[in-house]
Amino acid sequence: MSVVIDCREDAVALTATLATLVPGAVEGLVREVLVVDRGTDAATRKVADHAGCRVVAELEAAQAVANAKGDWVMLIEPGARLSAGWIEAVAEHLADGSSDGAPKAARFSRVPSDGRGFLRRLLQRGQRPLVDGLVAPKAQAVELYGKGGIARRPAARRLTATIRPR
């Protein structure tokens, strides 16, 4: 699976997200991480570089997703942190995700005790299409990515694994 993170100037947020992806790389689930440069600063690029991520320009992002190593793509915001157990939940989804012949996308469940009120979570969901992350077949990720990034929340099933948004 390939991971795509749209990133601006926030090295701390990128570091937090990359730290939760490390166990997935160790287990062989995460094969590569692409950081889409949407105005990153030197510190953010340095974090991406030191972590072994491939930094791609904003205008090349759709093509980079199309050329991703994995057949599945995880799209996640910088600063989002995946909870323990995410590897098993995603691996299970990848195995079962196309049981009826058509691969299906999935989202992480929100950590219930993230300290945010219901209304705030609801409003964030509408403003940020990747607030709950997205695990999708590469073809769907390419279609969603289109020109300039994901603008809408595609239909997706919920994973048992949780995410703590930025």
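The values are calculated or read from the model by the stated rules, or taken from the named source; none is laboratory data. Only a predicted model underlies this, so the values are computations on that prediction, with no experimental measurement involved. Glycine gets a Cβ as well: all are built from the backbone with ideal geometry, and neighbour counts include every protein chain shown. Surface areas here come from the heavy atoms of the whole protein model, side chains and all, with no ligands, DNA or RNA. Shrake-Rupley method; radii C 1.70, N 1.55, O 1.52, S 1.80 Å.
Can you give me the % of accessible surface on the range 1-102 that is carbon or sulfur? Probe 1.4 Å, all protein chains present, nothing else counted. Before the final figure, lay out each step's value.
Details: 2430 of 4860 Å².
With neighbouring chains kept in place, the figure for the range 1-102 is 50 percent.
Length gain on complete extension for the stretch Ala139 to Ala19, per 0.36 nm per residue less the alpha carbon to alpha carbon distance? Each step should come with its number before you reach the end.
Numbers: separation 120, 0.36 × 120 = 43.20 nm, distance 2.69 nm.
Additional length available on full extension: 40.5 nm.
In the neighborhood of Thr40, defined by Cβ-to-Cβ distances under 12 Å, what is the net charge if each Lys or Arg adds +1 and each Asp or Glu adds -1?
Numbers: positive: Arg8, Arg38, Arg45, Lys46; negative: Asp6, Glu9, Asp10, Asp37, Asp41, Asp49, Glu58.
With Lys, Arg at +1 and Asp, Glu at -1, the net is -3.
What are the residues whose amide H is under 5 Å from the amide H of Lys69, where those residues sit 5 or more places off or on another chain and H is modelled from the backbone?
The list, which skips near neighbours in sequence, is empty: none.
Would you pull out the residues with amide H under 5 Å of Arg110's amide H, same chain only if 5 or more places away, H placed 1.01 Å from N?
So Arg110 has HN proximity to Ile163.
Taking the Cβ of Glu88 as the centre, find all other residues whose Cβ is under 13 Å away and add up their charges (Lys, Arg: +1; Asp, Glu: -1). Could the numbers behind the result be given before it?
Working: positive: none; negative: Glu27, Glu92, Asp96.
With Lys, Arg at +1 and Asp, Glu at -1, the neighbours total -3.
From the phi angles alone, apply the Karplus equation (6.51, -1.76, 1.60; θ = phi - 60°) to the range 47-62 and give each ³J(HN,Hα) in whole Hz, x where the residue is Gly or Pro.
Karplus-based 3J(HN,Hα) across the range 47-62 equals 4, 4, 5, 5, 7, x, 7, 9, 8, 10, 5, 3, 5, 9, 4, 4 Hz.
Could you go through the range 23-35 in sequence order and give the Karplus-derived ³J(HN,Hα) for each residue, using 6.51 cos²θ - 1.76 cosθ + 1.60 with θ = phi - 60°, rounded to whole Hz, and x for Gly and Pro?
Each residue of the range 23-35 in turn: x, x, 5, 4, 6, x, 6, 8, 9, 7, 10, 9, 10 Hz.
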